Amino acid sequence: MSLFLKKRRFFTENNKASVIPFWEFVAKDKSAWGLVLSNLIVIILAVYQKWDLSEVLVIYWYQNVIIGVFNVIKMLNAKTLVDGAGLDAAPQKAINAFMAGFFCVHYGFFHFGYYQFLKGAFAKAHTEFVYIAVGVFFLNHLFSFFYNLKSDPDKDNVAKLMFTPYERIVPMHLTIIFGFFALLIIRNPAAEQGVLIFFLLLKSFADLKMHYMEHTGIGGFLAKNMRKKMKGRAISSSPNMPDDNKNEPV
């Protein structure tokens, strides 16, 4: 287990110093290697099986669900509501359960709507190679979950975990949607596979970039703003809550 739980130093002691550069992170992080390999396997299968974009989207739909499942596990085990705003064990568990449940509802509705959009693709995507691709992503995210278990800066921040999956999956799928419209415009069978591969590579890069942001604590717009709002409420509602601003020099 030492391979998975090894503490990686991406930050200086106060956790606010400059983060490890992107390509250096990719070169050192084994879970990033696994993510690159997983995406490459899907691209190879897409070329070998001559999948169209809708079949590939079915695989990425499953990847989204896998990301959501592991995120729920993280939320249920979070130690703080927001940065530095810890609660007693019983209230924290209750808040974790509520927020994890709320996450399941809105994340579930999001993917139910997505499923309705892809319903026709699901009907033709039930092949052994599709299941292999889904299994590859599951194994990758399982490995990443344990590998990053101790070192993730925001693993105990339930407020930020609420939005982390969206900040990861939205850029990935916007890339694919742009690819879909590009294929509609081109309408050239000879060029379609090349265009598909190009946009799958872009999706893979977006996936890797958001993996980097998630596991170095950089985060995105949604998580940062929600964390600030909830931290402000937690501090104002608790007289014993430490306020970082009080310690700043005048």
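A short reminder: the numbers here are calculations on the coordinates, not readings from a lab. Given the structure is predicted, the values throughout are model-derived calculations rather than measurements. Every residue, glycine among them, receives a Cβ derived from its backbone with ideal geometry; neighbour counts consider all protein chains shown.
Return Met172, Met213 ranked ascending by Cβ neighbour count within 10 Å, so the fewest neighbours appear first.
Met213, Met172
What ranking do Glu24, Glu214, Glu55, Glu192 get, fewest neighbouring Cβ atoms within 10 angstrom at the top?
Ranked by crowding around the Cβ, least crowded first: Glu24, Glu192, Glu55, Glu214.
What ranking do Met99, Met162 get, fewest neighbouring Cβ atoms within 10 angstrom at the top?
Arranged by neighbour count, lowest to highest, Met99, Met162 become Met99, Met162.
Residue-wise, which Karplus ³J(HN,Hα) couplings in Hz belong to the range 195-204, taking 6.51 cos²θ - 1.76 cosθ + 1.60, θ = phi - 60°, and x for glycine or proline?
Values per residue, Gly and Pro as x: 5, 4, 4, 4, 6, 5, 5, 5, 4, 4 Hz.
Go through Lys93/Lys150; Lys150/Lys209; Lys119/Lys160; Lys93/Lys209; Lys30/Lys93; Lys50/Lys119 and tell me which ones have a Cα-Cα distance over 24 Å in this structure.
Lys119/Lys160; Lys93/Lys209; Lys30/Lys93
What residues qualify as long-range amide H neighbours of Asn148, i.e. H under 5 Å apart, gap of 5 or more or another chain, H built at 1.01 Å from N?
So Asn148 has HN proximity to no qualifying residue.
May I ask you to derive the FRET efficiency for Phe117 and Leu139 from their Cβ-Cβ distance with R0 = 22 Å, giving the value to the nearest 0.05?
Computed FRET efficiency for Phe117 and Leu139 comes out at 0.25.
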